[in-house]
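A quick write-up on the structure given underneath.
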């Protein structure tokens with residue numbers, strides 16, 4: 001395991017033009033993160049499409065594991081050695097619709113995480129996942145969450161029980177939810193003595209304007225770094241594993 005992990009949380013305002021336009025912008029932002037030494041880059045919930053459930057009747061809004069529109073992302077992961085987490089409506093091979101975070105590894109592997117705690121119109125558009133997914137990057141373990149998952153202590157707890165060092169949340173928190181955002185990220189980090197990371201969808205969405213607030217929390221629940229605005233922003237931090245060691249007894253409990 002590396003003693004430190006540099007990662008970027010991307011606060012992202014989705015573009016018009018569908019998945020191809022957003023893939024190109026994702027690649028540009030990954031190159032920015034690579035320039036800051038990131039080994040893991042996390043984008044928000046539904047980053048490749050924006051949060052627009054009414055548009056899901058269009059089959060072009062959905063991606064699959066073999067989708068050639070993801071090839072540019074696969075290539076930059078291969079070239080840079082970065083693992084990237086992007087958000088999209090996803091259809092499994094059997095057609096099951098999922099609200100997904102897709103982890104693209106430098107090896108070409110695609111690892112899918114499905115939102116467990118769907119809400120509102122999401123319940124009609126998607127089928128829920130049933131577990132917390134763990135990524136491995138440079139020996140670190142990262143538990144992935146999608147928005148409402150972070151409101152459920154048991155979701156982060158499952159990740160902690162699997163040895164997660166980081167709880168990485170891809171989300172859409174809207175204006176007025178600043179306090180809720182802070183409580184969710186701070187509590188999940190502090191309760192489980194792991195780092196918290198938030199990539200929030202920026203701009204204006206179907207649910208309203210973004211609250212911004214993407215960033216990093218320490219295992220004491222305190223903010224390490226956080227976005228000041230609500231637009232697209234690359235936030236990068238280097239997390240130290242020895243900080244987690246100070247809480248070893250609590251983490252093992």
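The values are calculated or read from the model by the stated rules, or taken from the named source; none is laboratory data. Since we're looking at a predicted model, the values are computed, not measured. Neighbour counts are summed over all protein chains in view; Cβ atoms, including those assigned to glycine, are modelled from backbone coordinates with ideal geometry.
Residues that are modelled with pLDDT of 95 or more, under 18 Å from the mean Cα position of the chain (by Cα), under 23 Å from residue 31 (Cβ atoms) and surrounded by 21 or more Cβ atoms within 10 Å (Cβ to Cβ): does segment 179-193 have at least one? Checked segment 179-193: no residue is modelled with pLDDT of 95 or more, under 18 Å from the mean Cα position of the chain (by Cα), under 23 Å from residue 31 (Cβ atoms) and surrounded by 21 or more Cβ atoms within 10 Å (Cβ to Cβ). Against the list (1) assigned to a helix (DSSP H, G or I); (2) buried (at least 20 other Cβ atoms within 10 Å of the Cβ), the condition residue 157 fails is (2).
Going by the conditions given, is residue 127 touching a strand residue (DSSP E or B) at 6+ places or on another chain (Cβ under 9 Å) and either touching a residue at least 40 places away in the same chain (Cβ under 8 Å) or over 23 Å from residue 169 (Cβ atoms) (or both)?
Values: touching a strand residue (DSSP E or B) at 6+ places or on another chain (Cβ under 9 Å): yes; either touching a residue at least 40 places away in the same chain (Cβ under 8 Å) or over 23 Å from residue 169 (Cβ atoms) (or both): no.
Here the answer is no, as residue 127 does not meet what is asked.
When segment 130-154 is filtered for residues that are part of a helix (DSSP H, G or I) and surrounded by fewer than 23 Cβ atoms within 10 Å (Cβ to Cβ), the ones remaining, listed by number, are 148, 151, 153, 154.
Hey, any hits in segment 36-52 for a residue that's under 15 Å from residue 125 (Cα atoms) and surrounded by fewer than 19 Cβ atoms within 10 Å (Cβ to Cβ)? Scanning segment 36-52 turns up at least one residue that is under 15 Å from residue 125 (Cα atoms) and surrounded by fewer than 19 Cβ atoms within 10 Å (Cβ to Cβ). Selection within segment 4-18: residues that are touching a helix residue (DSSP H, G or I) at 6+ places or on another chain (Cβ under 9 Å) and crowded, with 22+ Cβ neighbours inside 10 Å. The member of this set that is farthest from residue 224 (Cα to Cα) is 14.
Determine whether segment 42-61 contains at least one residue that is under 14 Å from residue 23 (Cβ atoms) and assigned to a helix (DSSP H, G or I). Outline the logic, then answer.
Filtering segment 42-61 for residues under 14 Å from residue 23 (Cβ atoms) gives 43, 46-50, 60-61.
This time we only want the ones that are assigned to a helix (DSSP H, G or I), so: 60-61.
Yes; the residues of segment 42-61 include at least one that is under 14 Å from residue 23 (Cβ atoms) and assigned to a helix (DSSP H, G or I).
Taken as a whole, the structure places residue 7 among residues that are modelled with pLDDT of 95 or more and closer than 22 Å to residue 167 by Cα.
Checked against the criterion of being in contact (Cβ under 8 Å) with a residue 40 or more places away in the chain, over 16 Å from residue 160 (Cα atoms) and in contact with a strand residue (DSSP E or B) (Cβ under 7 Å, 6 or more places away or on another chain), the candidates 211, 227 yield just one match: 227. Scanning segment 208-239 for residues that are surrounded by fewer than 17 Cβ atoms within 10 Å (Cβ to Cβ) and more than 22 Å from residue 30 (Cα to Cα) returns 208, 209, 220, 222, 223.
All conditions in (1) in a helix (DSSP H, G or I); (2) in contact (Cβ under 8 Å) with a residue 24 or more places away in the chain hold for residue 2, with the sole exception of (1). Among the residues of segment 10-41, write down those that are closer than 25 Å to residue 145 by Cβ and either in a helix (DSSP H, G or I) or at pLDDT below 95 (or both). Hits for segment 10-41 are 19, 22, 23, 25, 26, 27, 29, 30, 32, 33, 34.
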